[in-house]
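Structure record follows, encoded as structure tokens.
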There are 2 protein chains.
Amino acid sequence: MRKKIKNKDMNIVGQEYKSNQTKTAIKVAVAQGDGIGPEIMDATLKILKAAGANIEPEFIELGEQVYLSGNTAGIHQESWDIINRNKVILKAPITTPQGKGYKSLNVTLRKSLGLFANVRPVSALHPYIQTNFPSMDVVIVRENEEDLYAGIEHQQTQDVVQCLKLITRPGCEKIVRYAFEYAVAYGRKKVTCMVKDNIMKLTDGLFHQVFDEISVEYPGIETETQIIDIGAARLAASPERYDVIVTSNLYGDIVSDIVAEIAGSVGMAGSANIGTNVAMFEAIHGSAPDIGGLNISNPSGLINASIMMLAHLEELEVADNIKNAWLSTIEQGYHTADIYQEGISRKKVSTSEFAEMVISNLGSKPEKLPLSQLSKGAGKINIPAYLRKEKIQVLVGTDIFVNWNGSDPKEIGDKLSSINSFNMKLKMITNRGVKVYPDGMPETYCTDHWRCRFVASNSEVKSGSPVYKPVDYEQVIALLSKLHSEGVEVIKTENLYEFDGQRGFSLGQGE
Amino acid sequence: MRKKIKNKDMNIVGQEYKSNQTKTAIKVAVAQGDGIGPEIMDATLKILKAAGANIEPEFIELGEQVYLSGNTAGIHQESWDIINRNKVILKAPITTPQGKGYKSLNVTLRKSLGLFANVRPVSALHPYIQTNFPSMDVVIVRENEEDLYAGIEHQQTQDVVQCLKLITRPGCEKIVRYAFEYAVAYGRKKVTCMVKDNIMKLTDGLFHQVFDEISVEYPGIETETQIIDIGAARLAASPERYDVIVTSNLYGDIVSDIVAEIAGSVGMAGSANIGTNVAMFEAIHGSAPDIGGLNISNPSGLINASIMMLAHLEELEVADNIKNAWLSTIEQGYHTADIYQEGISRKKVSTSEFAEMVISNLGSKPEKLPLSQLSKGAGKINIPAYLRKEKIQVLVGTDIFVNWNGSDPKEIGDKLSSINSFNMKLKMITNRGVKVYPDGMPETYCTDHWRCRFVASNSEVKSGSPVYKPVDYEQVIALLSKLHSEGVEVIKTENLYEFDGQRGFSLGQGE
């Protein structure tokens, strides 16, 4: 039997912890997690205590045991209460039980608490951790709430399933602002934006536009924008050329994992999930249940998360002290089994021995690895509340998506063209985004999912510069009713709007 | 003035080419492209001719000059005719002029011709091309027609812009089948599928499911599935562990660029765009107009594309002969300026000198780099026509998206709950996918974009295992009409369907 560290013991640590603070401690919700979670949290809390961090843990239970008690979200209401009271969470990795119906706790926490920014700093620790890129030092600032990860999916026909990618102006403004504020606060020089706006001109175009708008407020920070495929490739081949990267949720997910992997170990990095009111700090690795309780795991990821937490709480000198002690320990060669290398490491240490070495190094500075100097940064990060600037929104048509299992676009096109319902007319039909009516190409493969664009009958849309005319939503409803009565199976609709006279919808490929 | 190679000269090459064929030559549409295009095409065609490839070029004009003549698609109708007659295209890179309104020719060709598969083999040429991964030899098989690249985007409110990710069963079946057939035809051992189906359970779930279905037909091929973020990271850190990778359009775009970049040069690789009837072969690099006409560019990317074309045409022995001559030339150190390295290269050669060296090496075999043995593969790739298996599709509700600039979900929720229109009732409201009514979390940030799920009044949806009841589309139309009359601004709708009794839509986060 493996010896598991009990929550009871951890609470004693917490109480001891509380007892020798002098000024009023900042309460932090602490989740000890599953697998290796309790032992790396114990190690981390001992280091925080020894360094005199002005925090007081308040333990919450979440993860495996809560799931198995029948709570499909993996978190009790009392934990929510503690989180909402304390506003800061330090979280060890948790285990989600096998089986269906258990919801991702991380997704629930991020979305329910509005944790809009995922921040992951990754730097090389060469030669103590082998990497091809000894000078890499990158921070990924990833949007955390929207994009395809809103998870809104619909199967619409026999052939076609859809997921909505939602990009919002407040979402873009918050994450881009955070990236620049982070750069200033932590003495970074450059922010790189990664998007795919050559293809997704409206969604990724919005992200890019907001990046350009906000960047002008930070003249001291160098900026660049890259297409995500090229950006991810260059990041993989030469990460040294990047500093802070800001990007949307899916792209950020990919590039975050790339930087962690090419730095040589996923066991070292911490990450922050930052919201307007609440922030959560965790290691980037999982709970490794196979080695949980053996006291051989590497607490570095959670230690680095706790350092990010201290920086967030503006306890910058303590943060630097712990970081420099940790860097010194790595340099001295006291390494846990996962990073132990014959010839480079001095001694293979246990989880608790590693923590003791870090504690004994408090006050030391690394000799080769770069010194942590968070306390020389510019201070607090400030994200102003979103102010919506209203544009005039005018309905000018609708895209009606039809389920039809024929194959000749001319057949459905001619049929829909003959319908002139309440002054709306068919402009075009696309299949998977490619125009197939009128004047499609014979080689275009057609699924059973037809997007039929209807606009006002008096629109002038034949020229290269179409002029759309306003439509009333009652006309759209009447058209839907007419189509239904004609046996056309409508599966979805997307209204077409102009905003301050600018077209708010993409053209079909070939339109 | 730079000396540009004229199309006239190229036609002479083409005619000479034709003249010394014995058996009936396969006609190929050849686009000489812009910038370095004509000179690398000239080099490539000379090599094909010298190797006795049984093809006859028929030249087509597309790209810069066609755009500038006022054709916004960059391609004339006669070129379409030649392409549709010949079914095979060898294409040099083109230049799209600066300025708005010019459509991407590559996107147009791919989509209009149904080129569903983008195939990019990348292997290391170490030490002639420096790379951290001397044994990498990966083929990316990327879906080329659908996904977010359908480009269907709508701005729906002041805050929110949307792009549709469309994943189709025929699209998945074709690309996955192609990957396995490719593996068999070219003697590959393993196919890795990359998806994000832990988040996108329906769309990426479909891709994964089709991969599992088709893989059982290829028991001789090893298979694995990875989450795209982890897969991209591992690919960047250890590409040697991959063989064939199959994935959807956006992910494929990213991982294709990663492998090309970490192999050390984007100047070396060719790619194929494969359709059911038409196939196009090209270099992966651009037209480099700054060095166009100087006879210093590297024709290797296009040479490799032409080798892929010969393999596609089942001219496997000629393909092997050219590939081995090209590998020998690289080994011997005859390198163009872009890959010339002091101490490793023997001589810096021009574009045409490089082609002459490859020609003089016909019949030679590389001594260190792996021998090309395409002619030992299993032969032709066969993609059967898609057969739709109909499931029973039943409408059980609708998601109605509302533009509302309030902030309290209870206000809109209570209002919509009070509407019981034609036996439909509100089930829940989400904002960016997170449930905010009933029983939302106070910290959830809300945009002006509210997804309101309506189901049949007699549905039993309060329990963990909801039972949905059928709805008639007339009820949906009546509900839209009712909402409109109550001043609710509907921006889009997504119907909810069951397929053979299985739910065809995702739940809200927190639902």
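The values are calculated or read from the model by the stated rules, or taken from the named source; none is laboratory data. Please read all numbers here as calculations on a predicted model, not as lab measurements. In this analysis, Cβ positions are derived from the backbone assuming ideal geometry, glycine residues included, and neighbour counts consider all displayed protein chains.
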Quiz item: Quick one: how many residues across the range A:191-232 are within 14 Å of chain B (Cβ to nearest Cβ), within 19 Å of the chain's Cα centre (by Cα) and in a helix (DSSP H, G or I)?
Solution: 11
Exercise. Show the residue pairs that are 6+ apart or on different chains and have beta-carbon atoms under 9 Å apart, the first residue being within the range A:198-212 and over 10 Å from B:VAL161 (Cα atoms) and of a type in the set (Lys, Arg), the second being at pLDDT 95 or above and outside any loop (DSSP other than H, G, I, E, B).
Key: A:LYS201/B:GLU153
Exercise. Assess whether B:SER238 counts as being surrounded by 21 or more Cβ atoms within 10 Å (Cβ to Cβ), modelled with pLDDT of 95 or more and within 12 Å of chain A (Cβ to nearest Cβ).
Key: no
Quiz item: Being assigned to a loop (DSSP other than H, G, I, E, B), touching a helix residue (DSSP H, G or I) at 6+ places or on another chain (Cβ under 9 Å) and modelled with pLDDT under 90, is that true of even one residue in the range B:444-458?
Solution: yes
Exercise. Go through the residues of the range A:406-429 one by one and say whether even a single one is touching a helix residue (DSSP H, G or I) at 6+ places or on another chain (Cβ under 7 Å), surrounded by fewer than 21 Cβ atoms within 10 Å (Cβ to Cβ) and either under 30 Å from B:SER104 (Cβ atoms) or charged (D, E, K, R) (or both).
Key: yes
Quiz item: In the set A:TYR473, A:TYR445, A:TYR497, which member is at the interface with chain B (Cβ under 9 Å from one of its Cβ atoms), under 30 Å from B:ILE274 (Cα atoms) and aromatic (Phe, Trp, Tyr)?
Solution: A:TYR445
Exercise. May I ask you to list pairs of residues, at least six apart or on different chains, whose Cβ atoms are under 6 Å apart, with the first in the range B:392-417 being away from every other protein chain (no Cβ under 12 Å) and the second being small (Gly, Ala, Ser)?
Key: B:PRO409/B:GLY440
Exercise. Tell me which residues, restricted to the range B:99-150, are within 12 Å of chain A (Cβ to nearest Cβ), farther than 25 Å from A:THR430 by Cα and hydroxyl-bearing (Ser, Thr, Tyr).
Key: B:THR131
Quiz item: When you go through (1) within 17 Å of B:ILE284 (Cα to Cα); (2) among the hydrophobic types (A, V, I, L, M, F, W, C); (3) more than 24 Å from the chain's Cα centre (by Cα); (4) not in a helix (DSSP H, G or I) one by one for B:LEU90, which number turns out not to apply?
Solution: (3)
Quiz item: Name the residues in the range B:482-511 that are crowded, with 19+ Cβ neighbours inside 10 Å and touching an Asp or Glu at 6+ places or on another chain (Cβ under 9 Å), would you?
Solution: B:LEU483, B:ILE491, B:LYS492, B:THR493, B:GLU494, B:ASN495, B:LEU496, B:GLY504, B:PHE505, B:SER506, B:GLY510
Quiz item: Right, A:ILE167: within 23 Å of A:GLY114 (Cα to Cα), facing chain B (nearest Cβ under 8 Å) and not in a loop (DSSP other than H, G, I, E, B) or not?
Solution: yes
Quiz item: Which residues, counting only those in the range B:255-274, are over 18 Å from B:ASN298 (Cα atoms) and either assigned to a loop (DSSP other than H, G, I, E, B) or in contact (Cβ under 8 Å) with a residue 24 or more places away in the chain (or both)?
Solution: B:VAL255, B:SER256, B:ILE258, B:VAL259, B:ILE262, B:ALA272, B:ASN273, B:ILE274
Quiz item: Hey, among the residues in the range B:190-229 that are at pLDDT below 95 and surrounded by fewer than 20 Cβ atoms within 10 Å (Cβ to Cβ), which one's farthest from B:ALA117 (Cα to Cα)?
Solution: B:ASN198
Exercise. For residues that are in contact (Cβ under 8 Å) with a residue 12 or more places away in the chain and out of contact with any strand residue (DSSP E or B) (no Cβ under 8 Å at 6 or more places or on another chain), tally how many sit in the range B:81-92.
Key: 1
Quiz prompt | Residue check for A:ASP42: part of a helix (DSSP H, G or I) and either modelled with pLDDT under 95 or of a type in the set (Lys, Arg) (or both) | solution = no
Practice problem: Pairs only if they're at least six apart or on different chains, beta carbon under 9 angstrom, first in the range A:95-108 and aliphatic (A, V, I, L, M), second not in a loop (DSSP other than H, G, I, E, B); list them, first residue then second. | Solution: A:LEU105/A:LEU62; A:LEU105/A:VAL66; A:LEU105/A:TYR67; A:LEU105/A:ILE75; A:VAL107/A:TYR149; A:VAL107/B:GLN509
Quiz item: Does A:SER123 satisfy the condition of being surrounded by fewer than 24 Cβ atoms within 10 Å (Cβ to Cβ) and more than 25 Å from the chain's Cα centre (by Cα)?
Solution: no
Quiz item: Under the condition of being in a helix (DSSP H, G or I) and in contact (Cβ under 8 Å) with a residue 12 or more places away in the chain, which residue from the range B:482-500 is farthest from B:GLN158 (Cα to Cα)?
Solution: B:LYS482
Quiz item: Which one of these does A:GLU314 not meet: (1) over 21 Å from A:THR336 (Cβ atoms); (2) of a type outside the set (A, V, I, L, M); (3) surrounded by 24 or more Cβ atoms within 10 Å (Cβ to Cβ); (4) away from chain B (no Cβ under 11 Å)?
Solution: (3)
Quiz prompt | Identity of the residue in the range A:56-70, surrounded by fewer than 18 Cβ atoms within 10 Å (Cβ to Cβ) and among the small types (Gly, Ala, Ser), that ends up modelled with the lowest pLDDT | solution = A:GLY70
Quiz prompt | Answer from B:ALA73, B:ALA117, B:ALA53 - the residue that is in a loop (DSSP other than H, G, I, E, B), buried (at least 21 other Cβ atoms within 10 Å of the Cβ) and not aromatic (Phe, Trp, Tyr) | solution = B:ALA53
Practice problem: For A:TYR340, state whether it is more than 17 Å from A:ASP42 (Cβ to Cβ), touching a helix residue (DSSP H, G or I) at 6+ places or on another chain (Cβ under 8 Å) and among the aromatic types (Phe, Trp, Tyr). | Solution: no
Quiz item: Any residue in the range A:126-136 that is assigned to a strand (DSSP E or B), touching a helix residue (DSSP H, G or I) at 6+ places or on another chain (Cβ under 7 Å) and more than 28 Å from A:ALA385 (Cα to Cα)?
Solution: no
Quiz item: Is it the case that some residue within the range B:421-429 is within 14 Å of chain A (Cβ to nearest Cβ), modelled with pLDDT of 95 or more and under 20 Å from B:MET200 (Cα atoms)?
Solution: yes
Quiz item: Do we find that B:ASP212 is acidic (Asp, Glu) and farther than 19 Å from B:PRO170 by Cβ in this structure?
Solution: no
